[in-house]
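The values are calculated or read from the model by the stated rules, or taken from the named source; none is laboratory data. Small disclaimer: the values here were computed from a predicted structure and weren't measured. Methodologically, a virtual Cβ is constructed for each residue, glycine included, from the backbone with ideal geometry; neighbour enumeration extends over all protein chains shown. Note: accessible area is taken over every heavy atom of the protein model, side chains too, but ligands, DNA and RNA are not part of it. Shrake-Rupley method; radii C 1.70, N 1.55, O 1.52, S 1.80 Å.
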Amino acid sequence: MADRDKAKRADVVVIGGGIAGLVSALELADRGFSVIVIEAAETVGGALAQHTVGGLTLDAGAESFATRNTATRTLIEELGLADAIETPERTAWIQYPGEPASEHARELPVTGMLGIPADPESKSVTETIGTAGALLALKDHVAPTKKIAAQRPLSLAQLVEARMGKAVLDKLVRPIVAGVYSAEPEDLDADLALPGIRKRLVDAGSLAKAVASMRQAAPAGSAVGSLKGGMHTLVKAVDAALRERGVTILTDTAAHTLEREGEEWVVTIPSRGKGAADAHVVGNAVVLALPEAEARALLNGILEVPGEDAVTPEIHLVTLVVDKPELDTAPRGSGVIVAEGAPVQAKALTHASAKWEWLREEAGPGTHVIRLSYGKQGDGADYASWDAQTWRDTALADASVLLDTELTGQDVLDWDRVSWQGAQPSARLGHAARAAAIREAAHGVPGLALTGAWLAGTGLARVIPDARARAEALAESLGAPLGEDPGIGDTLGGP
C-alpha cells in the first residue's frame, strides 16, 4: 500500500459504532490497546438512538434493558450511572381479539418468563387462559420431562404446548414473543429464548418450576430497567469513557473495504478532503461489530461465512406526544402487548410516560408519551406504501383502542416515526448452530473478532457480554499492546 505511511494506525480497529462496537472498544482500551472506532452514521450508538418529539428527548430505539443477567447493569455501574437506573412502576396488559376491545384486555401475569407461568393456578393466569386451559396446564406437574428435554431441535412452541397446552401457548406466550422477538414461538429456539431451560426442566420436574427457578436466579426486582433520561444516555457515557481513554472515534465514516496484508488489517475509508483519494486505517486486529449484511460484504474474500443472511423484519416505532389528562390514571399500566387477531395493526404499545417516572415528571401532568410498534416476522402489511398521514392516523386509532381512551389529531402535540431494519434478529431454530459455525470459521483468521446482535442475539443482555467476551479473547490472542503510532489522528482530523 503506497500511502501506508499516511494511514491512521491503532492496535485494533473496531468497525461499527453500535453498542457492540463501543463495548468492544472500551474493553480493549481498558486493557491498554490503542483503538480506532469507525462508524458510518453521523452518531454512534446504533439502536440506542435518540430523537426529540414535543420538546422531549426520547429513545428512538431500545428504551429498556432486560435484567435477566447482570451484564448491562455492570456496565452501567462501571460508567457511574448506577443511581440513574429506574424500573417500571406498573405492569403491562395484553389485548385479545373481541369486541368491545375494552372487555378483552387483561393485565399481564407477572410470575413467569416470556408468558410461561410459574404458577398456572394463579388467579391472573386462570382469568386469562380460562379454567379449562389452567387445568390442562397442570399436567406439567406430572408429565415426564426427559423426552421433551432431549428433543432437538426444540422450538419454544413445542416446549410450551407439550408441557402446558395450547391455551398457555396462544394466550400468553405467543403475544409476548411477538412483542419481544417480532417472531412466532414456532420459529423460536427454546434454548436461545430461555438459556438452560432443558436442564432446569429435568432438575425441577416441571416447566412451571423451571421458570420459577430462573426467575429466582435472576437479579431481584423488575424484569426490565432503564436509565433516567433514556437508554440513549448510556451511549453518551460510553462515548465519554472511550475518549477519556484516548480512543479515536470516526463518525460519518464508512468502511469501504477490509483487507489483510501480512500481519496487518487495512480498512479503506473515504477521505475528508474534496476530490482526494480514499484514506486508510491500519490495525493489527479488527473487530467487526456490524449488522450481518454489512459484515458479510466486508469479509468477502477474507472469510467464507457459512450460511445465508438471516431474514429480519423491519420494525417501525411511532411515538405520539399527546395532551390528554384522561391518561393520567394509566388505564393500561405500562403498555399493551397485542395478541393475534386483536382489532389493531400495532403489535405493542408502550405508555412511556406511565412506565418511567423520570419521563412522567419531565412531560408534566396531562402530557403523555405513547410509542407503538409495527412489524414482525411474517407480517404481510405493506408499510412501504404508507404515507405520513396514514402512519399518524393508524397510530392514533390503535392507541385509542389499546388505551381505551379516544385520541384525535387535536390531542397530538407532536409525533415521529423511526424504522429499524434487522434491529431484532430472529432467534430462529438452527441459529445457535449457524452462529457457532460462523464463529468457528472466524476463529481461523488471526486478529479477527465478530460480534453484534446477528450472532449474540436480541437485546443488550446478550450483546454486551458477547462484545466483552470477543474483545477479551482478541486481547489475549494479541498479547501485550503493541504501542500507539505517534501519527495517529493526524491524517483525517478529529472525529
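In the context of the full protein assembly, K236 retains an accessible surface of approximately 110 Å², using a probe radius of 1.4 Å and ignoring ligands and nucleic acids. Sorting K166, K146 by solvent-accessible area of protein heavy atoms yields K146, K166, largest first, with a 1.4 Å probe. Of the residues G112, L172, G230, the one whose Cα sits farthest towards the positive end of the charge dipole of the range 108-261 is G112 (charges of +1 on Lys and Arg Cβ, -1 on Asp and Glu Cβ, taken about the Cα centre).
Seen against the Cα atoms of the chain and their longest principal axis, helix 207-217 is set at about 50 degrees. Of interest is the spacing of the C-alpha centroids, which for the range 1-52 and the range 298-339 amounts to 25 Å. Here the range 80-133 and the range 153-205 have alpha carbon centers that stand 16 Å from each other.
If you take the square roots of the eigenvalues of the alpha-carbon gyration tensor of the range 320-422 and sort them as a ≥ b ≥ c, do you get rounded (a/c under 1.5), prolate (a/b over b/c) or oblate? Prolate. For L227, the residues whose modelled amide H falls within less than 5 Å of its own, excluding neighbours fewer than 5 places apart on the same chain, are E86.
In this calculation the C-beta distance from E361 to V202 is compared with R0 = 51 Å, giving a FRET efficiency of 0.60.
Shape class of the range 61-197 from the alpha-carbon gyration tensor: oblate, with a/c at 1.5 or above and b/c at least as large as a/b.
Taking Cα centre as origin and charging only the Cβ of basic (Lys, Arg, +1) and acidic (Asp, Glu, -1) residues, the dipole magnitude of the chain rounds to 1520 debye. Descending by average beta-carbon neighbour count within 10 Å, the peptides 393-399, 362-368, 435-441, 10-16 line up as 10-16, 393-399, 362-368, 435-441, the highest first. Each Lys or Arg adds one and each Asp or Glu subtracts one; over the other residues with Cβ under 10 Å from the Cβ of A254, this totals -3.
Our helix-only sum for the chain, with -39,500 (n - 2.57) per DSSP H run of n ≥ 4 divided by its residues, gives a mean residue ellipticity at 222 nm of -9500 deg cm²/dmol. Using C-alpha pairs below 8 Å separated by at least 6 residues, the relative contact order for the range 295-438 is 38 percent.
Highest-first packing order for the peptide set 408-421, 87-100, 34-47 is 34-47, 87-100, 408-421, based on the mean count of other beta carbon atoms within 10 Å. Give me the base-10 log of I(q)/I(0) for the range 152-241 at each q in 0.12, 0.16, 0.23, 0.26 Å⁻¹, Debye formula, one uniform scatterer per Cα, rounded to two decimals. So the normalised log intensities work out to -0.49, -0.76, -1.18, -1.35.
Cross-linked pairs K123/K166; K236/K347; K228/K376; K209/K355; K236/K355; K139/K199: Cα-Cα separations exceed 26 Å for K236/K347; K228/K376; K209/K355. Each residue of the range 431-441 was assigned a 3J(HN,Hα) from its phi angle through the Karplus expression (A = 6.51, B = -1.76, C = 1.60, θ = phi - 60°), giving 5, 4, 5, 5, 5, 5, 5, 5, 4, 4, 5 Hz with x at Gly and Pro.
The mean sequence separation of alpha-carbon pairs under 8 Å and at least six residues apart, normalised by the residue count of the range 258-303, gives a relative contact order of 32 percent. Each residue, S419 and E103, gets one label point 7 Å from its Cα in the Cβ direction; the gap between the two is 3.9 nm. The amide H of G112, built 1.01 Å from its N in the peptide plane, has A118 as neighbours under 5 Å, considering only residues 5 or more places off or on other chains. Along its first, second and third principal axes, ordered by size, the range 155-310 spans 65, 40, 28 Å in Cα coordinates. With 0.36 nm allotted per residue and the present C-alpha distance subtracted, the A480-A293 stretch has 64.1 nm of extension available. In the chain, Cα pairs under 8 Å separated by at least six residues give a relative contact order of 26 percent. Couplings 3J(HN,Hα) of the range 334-348, computed from phi: 7, x, 9, 9, 9, 7, 4, x, 5, x, 9, 9, 5, 9, 6 Hz, in residue order, whole Hz [Karplus 6.51 cos²θ - 1.76 cosθ + 1.60, θ = phi - 60°; x for Gly and Pro]. Relative to the longest principal axis of the Cα atoms of the chain, the long axis of helix 388-403 lies at roughly 40 degrees. Candidate cross-link partners of K6 among the lysines, defined by an alpha-carbon separation under 30 Å and a same-chain spacing of 8 or more, comprise K274. Take the alpha carbon gyration tensor of the range 231-321, find the square roots of its eigenvalues, order them as a ≥ b ≥ c, and report rounded if a/c is under 1.5; if not, report prolate when a/b exceeds b/c, else oblate. Cα axes put the range 231-321 in the oblate bin.
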